[in-house]
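Trainee: Quick one: this structure, given as structure tokens, is what I'll be asking you about.
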Amino acid sequence: MAPAPQDAKVTTAALRARKGTPEKVAMVTAYDVVFARLADDAGVDVVLVGDSLGMVMQGERSTLPVTLDDMVYHTRIVSRGVRRAHLVSDMPFMSYQASLEDGIRAAGRLIKEGRAEAVKLEGGVEVAELIRRLVGLGIPVVGHVGMTPQSVHQFGGFKIQGRTEAQREKILADARAVAEAGAYSIVIEAVPQSLAAEITRTVSAVTIGIGAGPECDGQVMVMHDLLGLEPSWKPRFVRRYAELGKAAGEAFAAYAADVRAGRFPGPQESFD
Ligand code: KIV
């Protein structure tokens, strides 16, 4: 029996077909099998194993310390929870910047060992040749332009990019270079919405915004932000759809109180 359309596997071709249509693409990050399965079952189109895992899972101040082994590990466990969604994995800092060969081998590990279906890498003109090679080798690529977190020290912090004319021109040129090199999709992060809209109008790749306004072809959010797992962190571009951090804190406190008072376990949680 042919799968129902809502159960059909999301492929790069299916995502490309949505470019310029009213049907936006919903992407979310995941780092383990439980949340990957929840996102997949909920009908999210693309699950991204982001190198944001350095910050939200490992407690680092940036994504820079994340290793290729970390990404392979998390991508593989996420892949076990993803059935329908398209699975993308981030290439971490210094897994592709030093040489084309490094980049090809790193992408290969994410696909072969991590079971990713596409890789994402940051940058523009300077990574175009690598993108061309990867696509030529059959590896779908998602670009990432604007506020690229792996360049945090060059930006002097996680700051909005593209507000000056020079930055705007550079980001536009980067997006064009990445799309022309064959990236089927581009994440646009933390830029004015008019710039993201212009990129979306001018490139053939499916644009996915984060802090880039509503005119992109889709949106991505870090799972922890969407679910409110870090109650003290609420930047402007985030919309919280749950308060799981608060709920988890209350559950831990109730459990600890029950244990201390001898209320847990009760007869129904014990064996005769
Ligand atoms: O690492 C990540 O989670 C990302 C998204 C924010 C797009 O790159």
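The values are calculated or read from the model by the stated rules, or taken from the named source; none is laboratory data. Just so it is clear, the structure is predicted and the values come from calculations on it, not from any experiment. Here Cβ is always computed from backbone atoms with ideal geometry, including for glycine, and neighbour counts include all displayed protein chains. When the accessible area is computed, the model is the full protein with side chains, heavy atoms only, and any ligands, DNA or RNA have been set aside. Shrake-Rupley method; radii C 1.70, N 1.55, O 1.52, S 1.80 Å.
Trainee: Report the residue count in the stretch 140-161 for those that are open to solvent by 20 Å² or more (accessible area, probe 1.4 Å), assigned to a loop (DSSP other than H, G, I, E, B) and either touching a Cys at 6+ places or on another chain (Cβ under 8 Å) or among the hydrophobic types (A, V, I, L, M, F, W, C) (or both).
Mentor: Going through the stretch 140-161 one residue at a time, the tally reaches 2.
Trainee: If I filter the stretch 122-139 down to residues being within 16 Å of the ligand (Cβ to nearest atom) and of a type outside the set (Val, Ile, Thr), which single residue comes out as surrounded by the most Cβ atoms within 10 Å (Cβ to Cβ)?
Mentor: For the stretch 122-139, the residue satisfying everything is GLU122.
Trainee: Residues ALA85, ALA39, ALA30: which one is in contact with a His (Cβ under 9 Å, 6 or more places away or on another chain) and touching a residue at least 60 places away in the same chain (Cβ under 8 Å)?
Mentor: After applying the criteria, what remains is ALA30.
Trainee: Right, here's the next one. Could you list, in sequence order, the residues of the stretch 213-258 that are without any contact (Cβ under 8 Å) to a residue 24 or more places away in the chain and among the basic types (Lys, Arg)?
Mentor: LYS234, ARG239, ARG240, LYS246
Trainee: Show me the helices (runs of 4 or more DSSP H) found entirely inside the stretch 1-112 where at least 2 residues are open to solvent by less than 40 Å² (accessible area, probe 1.4 Å) and within 16 Å of the ligand (Cβ to nearest atom).
Mentor: Ranges flagged: 33-41, 53-56, 68-79, 100-112.
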